[in-house]
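The values are calculated or read from the model by the stated rules, or taken from the named source; none is laboratory data. From a predicted model like this one, the values you see are computed outputs, not experimental measurements. Reconstructed Cβ throughout: ideal geometry from the backbone, glycine too, with neighbour counts over all protein chains shown.
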Amino acid sequence: MAARLSQAQGAADLTLSWKAGAVSPESVDHWLEEPVFDGGVTCETILKTHGIVLVVGADDDAPSISTRLRPIERLRPVGADMSRHVVYDFDLLSRLHYEKLSDARLDGLTYVVFDTETTGLLPEQGDEIVQIAAVRIVNGKRVKNEVFDLLVNPGRPIPPSSSAIHGVTDAMVADAVSVQEAVRQFHRFAEGAVLVAHNAPFDMEFLTRREKEVGLRFMNPILDTVLVSAAANGAPSSSSSTKSSPLPEVCRWGDDLRPSSTASRAGCRGGASCSSCRRRPPRTIRRRRG
């Protein structure tokens, strides 16, 4: 058998010839239909993938099979996309699993810490969410890429007084998702986690009032940092380690923190030291005289 390689039209012609009997095109087609190995692809599939066609003919009166090899395209180096950080936390393999969530240690739970921005303080009078933001905490560490940040179209104008506080304007939410879609997406993001918020009844009121409409319920345990602050700074046992203790009473099931009165708008009593209180001023707390 002899092989001849020649250049033609920027490509290479490869011809294999031999001195034995000729091979019919039908025989070549039959060979190409056979798999390269048991259960594998056929030769014909491989050739078609590379755009190669075999031609049965004669070379100097000797039977031959020839093909044209296309030029190899030079690969251009592409920079690796390092925007997604891969983290391996092997401590998760030894993480304890509790049958009852109330028996779990605080550092053994998964949290979604979130906050909402709204058009105002009165959802029962038509105020709506304009933004939801959240991060996920697993094994006591913030998961860098598990971030929820969503602008929401409230379906009504945002008062300038509210925009002056949170910075979200009508123009920013003009093409944003609806409140219903935002609630669906956040429900999916928070699945299986403890929800953490400052003055949680306020934020939960805007979410739970849409549950029936979207066909979902927030059954997550809810950790209100207003109550955590009160328990940590006001309770006699504040010197004990909260991190290694079982889940305290400041973490309630979803129904326990469903707003039932205007108390959810009263906010934290932390006053000027609390950024959330400055953003959401108490409306039902009156100063006593004398």
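Quick one: is Gln180 assigned by TED's automatic domain parsing to the domain that holds Leu223, surrounded by fewer than 16 Cβ atoms within 10 Å (Cβ to Cβ) and either assigned to a helix (DSSP H, G or I) or modelled with pLDDT of 95 or more (or both)? Explain how you work it out, then say what you get.
Values: assigned by TED's automatic domain parsing to the domain that holds Leu223: yes; surrounded by fewer than 16 Cβ atoms within 10 Å (Cβ to Cβ): yes; either assigned to a helix (DSSP H, G or I) or modelled with pLDDT of 95 or more (or both): yes.
So Gln180 passes the test.
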Residues that are of a type in the set (A, V, I, L, M, F, W, C) and over 18 Å from Val135 (Cβ atoms): does region 184-199 have at least one? no
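So which residues in region 183-196 are at pLDDT 95 or above and in contact with a strand residue (DSSP E or B) (Cβ under 7 Å, 6 or more places away or on another chain), if there are any at all?
First pass over region 183-196, keeping only residues at pLDDT 95 or above: 183-190, 195-196.
Within region 183-196, Gln185, Phe186, Phe189, Ala190, Leu195, Val196 qualify.
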Top-ranked residue of region 1-18 - restricted to ones that are touching a Ser or Thr at 6+ places or on another chain (Cβ under 9 Å) and not in a strand (DSSP E or B), ranked as nearest to Ala62 (Cα to Cα): Trp18
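So which residues in region 6-21 are without any contact (Cβ under 8 Å) to a residue 60 or more places away in the chain, loosely packed, with under 10 Cβ neighbours inside 10 Å and either under 10 Å from Leu69 (Cα atoms) or under 54 Å from the mean Cα position of the chain (by Cα) (or both)?
Correct list: Gln7, Gln9.
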Give the residues of region 155-168 that are without any contact (Cβ under 8 Å) to a residue 12 or more places away in the chain and either within 17 Å of Gly126 (Cα to Cα) or in contact with a Cys (Cβ under 6 Å, 6 or more places away or on another chain) (or both), sorted by residue number. Pro160, Ser161, Ser163
In region 19-41, anything in a helix (DSSP H, G or I) and hydrophobic (A, V, I, L, M, F, W, C) is listed as Val28, Trp31, Leu32
